[in-house]
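One structure below.
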Amino acid sequence: MKYFLITLMLVAFGSLSSAHGETISSLIDNEVDLNAQLTLAENDPSNHYLIRISPKVDGTSFRVSATYDISTSVTLQGEGVKTETTGRNIIITPGAGFSGPLFRVMTGARLSASGLEPDGFANSGDGGTVDVEQGGSFVGDRLKFKNSSSMGNGGAVNCGPNSYCHFRDSRFFFGHAAKNGGGISVENGARLLVENSLLRANSAGIFGCHINNEGGDVTVVGSLLSEKIDLDRCINVGGENPFGRFTLRGVHWETDVTNDALDTTDTTVTMGSIVYKNPRLRFMNTQQAPVDNSVQSQCNDFGSGQMVSEGFNMDSDGSCFLNHATDLPNTDPLISYDNRGIPQPLAGSPMIESGPVDFVNNELPCIYKDLNGLGRPQDFDLDGVFTCDRGPVEVQGGVDIGAPQSAAFYDTGRNGEGAFVEILENGIAVVSFYTYSPDGMNMAWFVGSGQVKGNSVVVDEMQKATGGVFGAGFDPGKIVRTRVGGMSLVFPDCNAIGNPGRLNFTADPDSGFENLLQKASRLTSIYNCDGAAPAANVHRSGAFYAPERSGEGIFVQWLSDGRVVLVFYTFDTDGNPFWLTSVSGDALINGATVTANMLYADGKTEFGANFNPAEVNLLPWGTVTLTYTDDNNLNFAYNSTVAGFGAGNHAYTRLTKLLGTD
């Protein structure tokens with residue numbers, strides 16, 4: 001049910017991304033249909049193909065008998081039975097006698113994949129499961145690579161010359177390369193970004209058990225690279241960087257006492273990361289006495305001087321060239337492990353509240369969430385300062401949130417943009433964000449569905465919409481949504497007024513937007529934090545839209561003080577993203593009818609660091625009138641005083657229902 005509601009929310013406000021014409025969607029559960037859809041995609045490069053893969057009725061894995069050569073723009077979306085976070089992926093295995101990678105992404109092609117678990121693929125060349133050829137692109141979300149192997153480089157994935165590989169919330173387990181890069185290998189000119197992922201128990205015949213970089217640009221953020229306690233497979237070095245750039249931000253890199261974490265003779269930059277030599281690994285594997293911790297260094301630069309610390313790092317043997325004033329070399333992180341093998345800081349751990357507070361060299365102090373799915377940064381000691389913990393795991397500060405976090409929030413120093421948050425049942429949260437384009441020429445808005453985690457709301461897929469136009473020319477088939485990044489809102493207390501929360505937007509590198517880290521002060525209240533009774537019509541709050549106009553819609557908040565606040569997301573007459581708001585809350589309420597004076601931004605500012613509230617000029621646009629025919633349906637009527645918009649009305653139906661409004 002949770003996954004269905006999230007999917008419905010995204011569909012209601014638009015389709016998946018595409019730089020190619022329309023998106024052609026299908027649902028399949030067998031290899032024959034997958035072959036057919038990929039053949040259609042190959043013969044129709046002007047459109048984007050979304051292929052949704054459902055579990056087989058008999059419960060067996062999805063078996064393939066040949067490599068799929070991806071030559072255009074394709075999205076593969078596994079739709080297994082979801083659980084609280086990453087969910088159950090669609091398992092894909094090689095059929096009898098098949099040897100080769102699962103996918104080969106050809107030059108100029110783009111493969112996006114989510115919710116898949118390829119297991120047991122082996123290739124006689126590079127890339128055991130996926131081989132991304134020169135100039136290809138591969139973006140993976142919630143993927144789990146298991147038991148991949150190659151006789152060349154890249155046990156699971158090989159990122160060829162000038163290619164682009166990006167993995168979020170993914171797992172690389174038990175990969176092996178006969179040469180380099182047991183998990184991932186990166187060739188000259190390629191870019192690799194790994195976010196909130198686990199690389200564990202990978203091995204390589206030569207170097208780079210987890211990652212090998214041969215002249216590319218590798219960035220690992222908020223991730224764990226480690227061995228398995230009872231199966232230590234790496235016999236050389238976890239990461240190899242003979243030439244290229246290697247960046248670690250908020251990473252926990254763990255080795256045993258017989259191999260290195262990282263060998264580099266070219267630029268390697270670390271920030272907020274932990275390198276830990278865990279004596280339990282070799283001991284648990286060999287059942288012998290622990291080995292002296294000084295047997296092998298964790299980091300080696302072979303005299304190159306290429307390891308650079310940007311601060312807030314930690315290592316356990318003093319070998320990682322940590323010379324920044326905020327570094328903690330030769331320090332025990334004081335950790336335990338949960339049942340997933342993810343390190344969790346113990347009480348008094350030097351990881352807690354000791355990382356960066358603000359941007360470091362134009363980079364976020366930490367990504368929007370940790371490996372447990374908790375929003376970050378947190379304010380663990382509740383002193384009003386949100387500080388990232390070192391490494392990829394954050395300790396919660398403040399109590400869990402609930403229905404009162406359905407509200408609007410903004411940064412008091414950035415008046416003119418803000419977030420509308422809805423807390424739904426089953427731990428689902430919906431966030432919309434109204435703002436401006438990076439060039440300051442137009443408005444912009446994002447929307448996404450995510451989860452409530454502890455004292456935070458976390459959305460992995462904040463998406464923008466394009467392709468619409470206001471009024472009669474609106475065509476839902478032309479609406480295209482693209483991921484712009486992930487977002488979290490963290491609340492140290494329920495009110496978030498005297499002690500505001502924190503909004504972290506981690507932008508997708510190709511979105512055109514930049515990272516944000518700002519305050520989240522409460523602007524509205526639907527449910528009071530003190531438990532006082534809400535407004536009598538609170539059940540009328542929620543998001544509404546017209547199914548035949550999927551791609552635009554309205555969020556309605558019936559506040560505890562009797563006011564009603566609206567935000568309407570649509571497009572202007574030229575097709576640019578456009579939003580209207582009535583945040584002043586001066587709407588006229590007459591029984592089941594609400595008439596609100598809407599404002600639009602005539603004067604605009606830039607998204608991000610160049611945002612200037614003095615440049616924002618909100619002017620009257622006209623009125624929006626909502627007439628509820630029942631709790632789940634209403635008539636949406638508008639009458640604009642701005643040229644080109646005119647007047648009209650649509651039948652709207654409920655899309656979301658707030659927690660506590662039953």
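Here are the numbers for this structure:
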{"item": "Wholly enclosed strands (runs of 3 or more DSSP E) of the range 550-589 bearing at least 1 residues open to solvent by 10 Å² or more (accessible area, probe 1.4 Å) and closer than 12 Å to Phe470 by Cα", "result": "577-581"}
{"item": "Strands (runs of 3 or more DSSP E) contained in the range 327-446 and holding at least 2 residues hydroxyl-bearing (Ser, Thr, Tyr) and open to solvent by 40 Å² or more (accessible area, probe 1.4 Å)", "result": "335-337"}
{"item": "Residue match in the range 420-427 (condition: acidic (Asp, Glu) and at pLDDT below 95)", "result": "no"}
{"item": "Residue match in the range 590-598 (condition: in contact with a Gly (Cβ under 8 Å, 6 or more places away or on another chain) and touching a residue at least 60 places away in the same chain (Cβ under 8 Å))", "result": "no"}
{"item": "Residues of the range 481-515 satisfying the condition of being closer than 23 Å to Gln405 by Cα, open to solvent by less than 10 Å² (accessible area, probe 1.4 Å) and assigned to a strand (DSSP E or B)", "result": "Gly485, Gly486, Met487, Ser488, Leu489, Val490, Gly501, Leu503, Asn504, Phe505"}
{"item": "Residue ID - farthest from Pro118 (Cα to Cα), chosen from residues in the range 55-64 that are loosely packed, with under 15 Cβ neighbours inside 10 Å and of a type in the set (Val, Ile, Thr)", "result": "Val57"}
{"item": "Members of the range 103-130 found to be within 23 Å of Glu214 (Cα to Cα), in contact with a Gly (Cβ under 7 Å, 6 or more places away or on another chain) and not in a loop (DSSP other than H, G, I, E, B), listed by number", "result": "Val105, Ala122, Asn123"}
{"item": "Some residue of the range 35-54 being part of a strand (DSSP E or B), open to solvent by less than 10 Å² (accessible area, probe 1.4 Å) and not aliphatic (A, V, I, L, M)", "result": "yes"}
{"item": "From Gly140, Gly78, Gly136, residue being modelled with pLDDT of 95 or more, of a type outside the set (Asp, Glu), within 30 Å of Gly454 (Cβ to Cβ) and buried (at least 18 other Cβ atoms within 10 Å of the Cβ)", "result": "Gly140"}
{"item": "The range 198-223, residues that are buried (at least 24 other Cβ atoms within 10 Å of the Cβ) and closer than 14 Å to Arg249 by Cβ", "result": "Val218, Val220, Val221, Gly222, Ser223"}
{"item": "Verdict on Ser226 being surrounded by 24 or more Cβ atoms within 10 Å (Cβ to Cβ), modelled with pLDDT under 95 and out of contact with any Leu (no Cβ under 7 Å at 6 or more places or on another chain)", "result": "yes"}
{"item": "Subset tally (residues that are open to solvent by 10 Å² or more (accessible area, probe 1.4 Å) and either in a loop (DSSP other than H, G, I, E, B) or of a type outside the set (S, T, N, Q) (or both)) for the range 590-604", "result": "7"}
{"item": "Odd one out for Val459 among (1) under 28 Å from Ser163 (Cα atoms); (2) in contact with a Cys (Cβ under 6 Å, 6 or more places away or on another chain)", "result": "(2)"}
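The values are calculated or read from the model by the stated rules, or taken from the named source; none is laboratory data. This structure is a prediction, so every number in the text was calculated from the model and none was measured. Counting neighbours? That spans all protein chains shown, and the Cβs are built from the backbone with ideal geometry, glycine included. Surface areas here come from the heavy atoms of the whole protein model, side chains and all, with no ligands, DNA or RNA. Shrake-Rupley method; radii C 1.70, N 1.55, O 1.52, S 1.80 Å.
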